[in-house]
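What follows is a short report on a single structure.
Read-outs: derived from the displayed coordinates by stated rules, not from any lab. Note that the structure is predicted; figures quoted are calculated from it, not measured. Positions of Cβ are generated from backbone atoms using ideal geometry, with glycine treated the same way; all protein chains shown enter the neighbour counts.
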Amino acid sequence: MARDARDGRSRDRDRDGGDDLIDKLVTINRVAKVVKGGRRFAFAALVVVGDQKGRVGFGAGKAREVPEAIRKATERAKRGMIRVPMKEGRTLHHDVHGNYGAGHVVLRAATAGTGIIAGGPLRAVFETLGIGDVVAKSLGSRNPHNMVKATFDALQRCASPRTVATRRGKKVSDLLGRRDAAPVVQETADA
């Protein structure tokens, strides 16, 4: 009996995630399977999960009932989380494009105070990721699955200056340039 209680506690801890994960339901779709006696309905859910500190994942689940489909999608999203480098904890380091099938998205870094300028599925990804300032545009398919997968393709291409510097064998200051250095002004021979 103690074993059952211990298993129950661990399941509750896993459900909470322990990392203060939040999840957002992006879309739910009713699908039908035609059988001899008529139609059998099921529900397909798309969920995005994140910790609002740079980790995010998505998952799709299908079941005969809506809550079960959402639960399956949430579990898949937690298993497939990725870490995204953020600049000052609020935006992306650079502009990036992402593709998946017919879905094309453009994500642009934004100045402080811009907010999240993105539609539907992209907004859900950024809110769970914890990005506060970003401009995003979906150029291709309007299918939520393709838009989310294209967004994740773009986010996986994001790199911080530190990782780029180590990959190229340089210093971060060499890539970004010195901030305290005054701009060099060339004098002409006439003056």
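Some notes on this structure:
- For region 31-108, the direction-averaged projected area of the alpha-carbon convex hull comes to 7.0 nm².
- 14 Å reach of a label modelled at Arg157, 7 Å along Cα-to-Cβ, counting backbone N of region 119-150: 137-140, 149-150
- Seen from Arg167, the other residues with C-beta closer than 14 Å to its C-beta sum to a net charge of +4, counting Lys and Arg as +1 and Asp and Glu as -1.
- Ordering 40-48, 89-97 by mean Cβ neighbour count within 10 Å, with the highest value first, yields 40-48, 89-97.
- Residues of region 48-80 with amide N under 16 Å of the 7 Å Cα→Cβ point at Asp20: 50-56
- Taking amide H positions as modeled 1.01 Å from N, with prolines and chain starts lacking one, the residues under 5 Å from Gly103 and 5 or more places away or on another chain are Ser141.
- Kirkwood Rh and Cα Rg combined as Rg over Rh, evaluated for region 2-174: 1.07
- Extension gain, Arg71 to Val31: 0.36 nm times the residue separation minus the Cα-Cα distance gives 12.7 nm.
- Under 14 Å, Cβ to Cβ, from Gly89 - net charge with Lys/Arg +1 and Asp/Glu -1: +2
- Estimated vicinal HN-Hα couplings, Hz - region 74-85 in sequence order (Karplus 6.51, -1.76, 1.60; Gly, Pro = x): 5, 5, 5, 5, 5, 6, x, 7, 10, 9, 10, x
- C-alpha center-to-center spacing [region 76-95, region 104-151] in angstrom: 12 Å
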